[in-house]
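Q: Questions regarding the structure given below will be posed in turn.
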Amino acid sequence: MLTEVQKEKLTHQFHVMDGDGNGRLEWADYQRIVDNIAATRGHEPGSLEYEGLLGQYRYGWEQAQPFVVDGAMTVEKWLEYNDALFRQPGIYDSLVRPVARMIFDTFDGDGDGKVSLEEWRGFFACYSIDPSEADACFGGLDLDGDGYVSRSELVDLVGQFFLSSDPSAPGNHLFGRY
């Protein structure tokens, strides 16, 4: 069962992803994120990169289908979906790590093996999160204080966001402050 901390984080993520603010998470919201990422990275629709990104988000949407009613999920259904998801054995390795790697690979724009504050601002922009949130959160996400988020740090942060019940875990602010 989701803890109150997890519910708060996941509710915040729901609202971040609900780009039109209609209280319903629909494929169009996922598509908006894909299009924002593609535009940021210069991936043209139909390109191999675009189709790969689209496929990753489509897979996420398809996994949620048992909780979709009339083409959308409410926040309550979103929480039910995540609760069911996190009850699955091995979910960290089968879902959380791949999500973290996908986020990292997408936003390590210069391919230097680390995500800078500027690249993190790009991540927030793709999810329509105020860029000042990136500035406010980045220091806490940079676990070793070197000015960057490494791949291993991001895997830890994504795990904290989805799985931790610690209200002070740095990964809680993966999608901005809530």
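The values are calculated or read from the model by the stated rules, or taken from the named source; none is laboratory data. Bear in mind that the values here come from a model prediction, so they are computed numbers and not experimental data. Here Cβ is always computed from backbone atoms with ideal geometry, including for glycine, and neighbour counts include all displayed protein chains.
Q: Applying the selection to the range 46-68, what residues are modelled with pLDDT of 95 or more and assigned to a loop (DSSP other than H, G, I, E, B)?
A: Passing the criteria: Gly46, Ser47, Val68.
Q: A further question follows. Give Ser150, Ser128, Ser164 a once-over and let me know the one that is crowded, with 19+ Cβ neighbours inside 10 Å and touching a helix residue (DSSP H, G or I) at 6+ places or on another chain (Cβ under 9 Å).
A: Values: Ser150 fails: crowded, with 19+ Cβ neighbours inside 10 Å; Ser128 fails: crowded, with 19+ Cβ neighbours inside 10 Å.
None of the others qualify; the one that does is Ser164.
Q: Kindly indicate which of Arg121, Arg101 is more than 15 Å from Met17 (Cβ to Cβ), of a type in the set (D, E, K, R) and modelled with pLDDT under 90.
A: Every option except Arg101 fails the conditions.
Q: Would you mention how many residues in the range 57-103 are of a type in the set (S, T, N, Q) and either within 17 Å of Phe14 (Cα to Cα) or crowded, with 17+ Cβ neighbours inside 10 Å (or both)? Before the answer, list the steps.
A: So in the range 57-103, the residues of a type in the set (S, T, N, Q) come out as 63, 65, 74, 82, 88, 94.
Filter again for either within 17 Å of Phe14 (Cα to Cα) or crowded, with 17+ Cβ neighbours inside 10 Å (or both), leaving 63, 65, 74, 82.
So the count comes out to 4.
Q: Of all residues in the range 5-51, which are more than 14 Å from the chain's Cα centre (by Cα), charged (D, E, K, R) and more than 26 Å from Ser164 (Cβ to Cβ)?
A: Asp20, Arg24, Glu26, Asp35, Arg41, Glu44, Glu49, Glu51
Q: Have a look at Leu117, Leu95 and point out the one that is within 21 Å of Gly159 (Cβ to Cβ) and without any contact (Cβ under 8 Å) to a residue 40 or more places away in the chain. It would help to see each step written out before you state the result.
A: Values: Leu117 fails: within 21 Å of Gly159 (Cβ to Cβ).
Selected residue: Leu95, the only one of Leu117, Leu95 that is within 21 Å of Gly159 (Cβ to Cβ) and without any contact (Cβ under 8 Å) to a residue 40 or more places away in the chain.
Q: Pick from the range 23-45 the residues that are charged (D, E, K, R) and assigned to a helix (DSSP H, G or I): which of them is modelled with the lowest pLDDT?
A: Applying the filter and picking the extreme gives Arg41.
Q: Tally up the residues in the range 69-87 that are under 19 Å from the mean Cα position of the chain (by Cα) and farther than 15 Å from Gln6 by Cβ, please.
A: Qualifying residue count for the region: 4.
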